[in-house]
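A.B. asks: Sharing a structure here in structure tokens format.
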Amino acid sequence: MIGAGIVVGHKGAGVINLDQAALAMYPAYGFATMRESGLLFMPWFDPIPGPIDVPVSIDFGGPTTKLVAFLGAMGLSVVLGLALHFLVFGPLRDSPPISKIIASLGVLSYLQALASHHVGGSARQVEGILPTGKIENVLGLGGDLPYARIAIAAAALIVAAVLWAYYRFSSLGLATRAAEENPRGAALLGWSPQRLASFNWLISATIAGFAGVLFLDVTSLTPSGYTLLIVPALGAALLGNLTSPAIAAVGGIAIGMIQSAAAWGIRYEWWPSWLPSEGVRDAIPLLIIVGLQFARGHQLPIRTTVVVRPQPRAPLVRRPSVWAIGLTAV
């Protein structure tokens, strides 16, 4: 789901969003804090010391139900998506791609540090919204399969199907695909590439927040642990060639299956001695990323943007010496 969100963001704004996993982490913390204390921390901090306080949280008057906490987390995802577009990537729409990538890493560091500032960096176990229990001795192989894993895989496939239908049949989805290929042509047809980008940022952030809440049932919640999910998610997005969120979602499930198979294989004697067992699970997504870049990196889509800027102000200069002296004194 995070990989599909990366593709959606790239289709809308041409940005390879490396902070996508952080967009899953922060709403997950929102769900956790609402369940524990009823507080929902907004994505900012109080920069003013002293008696003047900038509100940084919404108090719901005590621990909330799972439904209210889930809705709060989704609302937080919407705020994050809109803020990213209007405050970060929108102003950088005419900047080089490397500037946008650096900005996404800055957002990742900011959200990770902000989560640690509000709630601390220690790991915590949070009961999510997925069913508990498991299927024992699956297919007679002696292994168990938790219901939560099945639910997450099903949710990823549903997200993939919805995104496929959205980009194939809806007017906004078709306009996004048109702007992805030719933003000038889309603008001539009356579609604003920037409005399309903001809407796709909203979809991308919402998918990430939804995934972050679902992951609570299968992993511990830490600022750094969640953000590291960007590595397999980026591999999934590259499997979809940054154009197909459906292939990215299915590819992410495939990467997870390969990782689980590798973690299972290192326990047996037939595992080759020359292949180190430590870190195999984490190395698989990296190998996939390197292999895909080597094989078809030249085929990745390149986005251009259309920017309409107002004419700069050219006021008549009056009393320049007074202004110079005054500004120098200040």
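A.B. asks: I need the chymotrypsin sites (Phe, Trp or Tyr not before Pro) found in segment 22-62, filtered to DSSP loop residues with at most 14 other beta carbons within 10 Å of theirs.
C.D. replies: On the way: sites: Tyr29, Phe31, Phe41, Trp44, Phe45, Phe60; in loops: Trp44, Phe45, Phe60.
Here the sparse-neighbourhood loop sites are Trp44, Phe45.
A.B. asks: If you fit an axis through the alpha-carbon atoms of helix 230-239 and take the longest principal axis of the Cα set of the chain, what angle between them do you get, 0 to 90°, nearest 10?
C.D. replies: 90 degrees
A.B. asks: Same structure again: First select every other residue whose beta carbon is under 15 angstrom from the beta carbon of Ala165; then total the charges, Lys and Arg +1, Asp and Glu -1. Write out the running numbers ahead of the final one.
C.D. replies: Details: positive: Lys11, Arg168, Arg177; negative: none.
With Lys, Arg at +1 and Asp, Glu at -1, the neighbours total +3.
A.B. asks: Need one number: nm distance between label points at Ala113 and Ala283, each 7 Å from Cα along Cα→Cβ, rounded to one decimal.
C.D. replies: Taking the simple label geometry, Ala113 and Ala283 are separated by 3.4 nm.
A.B. asks: Right, here's the next one. Counting only C-alpha contacts under 8 Å and six or more residues apart, can you give the relative contact order of the chain as a whole percent? All intermediate terms of the calculation are to be shown ahead of the outcome.
C.D. replies: Working: 482 pairs, mean separation 97.5, N = 330.
Averaging sequence separation for qualifying contacts and normalising by length gives 30 percent for the chain.
A.B. asks: OK, next. May I ask you to derive the FRET efficiency for Glu181 and Leu71 from their Cβ-Cβ distance with R0 = 41 Å, giving the value to the nearest 0.05? Each step should come with its number before you reach the end.
C.D. replies: Values: r = 36 Å, r/R0 = 0.88.
So, using R0 = 41 Å, E works out to roughly 0.70.
A.B. asks: Per the helix-only calculation at 222 nm, which mean residue ellipticity applies to the chain, given -39500 (n - 2.57) for every DSSP H run of n ≥ 4 and division by its residues, nearest 500 deg cm²/dmol? Spell out each step's value before the answer.
C.D. replies: Values: 13 runs with 195 residues, N = 330.
Estimated from H runs of four or more residues: -19500 deg cm²/dmol.
A.B. asks: Moving on. If you average the alpha carbon positions of segment 92-169 and of segment 199-216, how far apart do those two centres end up, in angstrom?
C.D. replies: Each part's Cα centre sits 8 Å from the other's.
A.B. asks: Ignoring any ligand, DNA or RNA, what whole percent of the accessible area of segment 53-174 comes from carbon and sulfur when the probe is 1.4 angstrom? Present the calculation step by step, with values, prior to reporting the outcome.
C.D. replies: On the way: 4740 of 6970 Å².
C and S atoms contribute 68 percent here.
A.B. asks: Can you work out the FRET efficiency for the pair Lys134 and Leu275, with r the C-beta to C-beta distance and R0 = 30 Å, to the nearest 0.05?
C.D. replies: Values: r = 30 Å, r/R0 = 1.01.
Efficiency for this residue pair is about 0.50.
A.B. asks: Lysines near Lys11 by alpha-carbon distance under 17 Å, same-chain residues fewer than 8 away left out - which ones?
C.D. replies: Here the lysines satisfying the reach criterion relative to Lys11 are Lys100.
A.B. asks: Looking only at GluC sites (Glu not before Pro) in DSSP loops with at most 15 other Cβ atoms within 10 Å, what is the longest site-free stretch of the chain? Spell out each step's value before the answer.
C.D. replies: On the way: sites that count: Glu127, Glu136, Glu269, Glu278.
That would be 137-268.
A.B. asks: For every other residue with a beta carbon closer than 15 angstrom to the beta carbon of Val213, add +1 if it is Lys or Arg and -1 if Asp or Glu, then tell me the sum.
C.D. replies: 0
A.B. asks: Hey, another quick one. So if we plug the beta-carbon distance of Ser192 and Ala155 into 1/(1 + (r/R0)^6) with R0 = 41 Å, what FRET efficiency do we get, rounded to 0.05?
C.D. replies: Numbers: r = 32 Å, r/R0 = 0.77.
My answer for the efficiency is 0.85.
A.B. asks: Now a separate question. So what is the accessible area of the chain per residue, in Å², with the probe set to 1.4 Å? Walk me through the intermediate numbers first.
C.D. replies: Details: 18020 Å² over 330 residues.
On a per-residue basis, 55 Å².
A.B. asks: Under 10 °C and 1.306 mPa s, how fast does segment 1-133 diffuse according to Stokes-Einstein, given a Kirkwood radius computed over C-alpha pairs? Answer in µm²/s, whole number.
C.D. replies: On the way: Rh = 16.0 Å.
Answer, rounded: 99 µm²/s.
A.B. asks: What's the extension gain from Tyr166 to Ile48 if we count 0.36 nm per residue and subtract their Cα-Cα distance?
C.D. replies: Length gained, Tyr166 through Ile48: 38.1 nm.
A.B. asks: Counting Lys +1, Arg +1, Asp -1, Glu -1, what net charge surrounds Ala155 among other residues with beta carbon under 15 Å of its beta carbon?
C.D. replies: On the way: positive: Arg149; negative: Asp217.
With Lys, Arg at +1 and Asp, Glu at -1, the neighbours total 0.
The values are calculated or read from the model by the stated rules, or taken from the named source; none is laboratory data. Because the structure is predicted, anything quoted here is derived from the model rather than measured. Cβ: placed from backbone, ideal geometry, glycine included. Neighbour counts: every protein chain shown. Side chains are part of the model used for accessible areas, which takes the heavy atoms of the whole protein and leaves out ligands, DNA and RNA. Shrake-Rupley method; radii C 1.70, N 1.55, O 1.52, S 1.80 Å.
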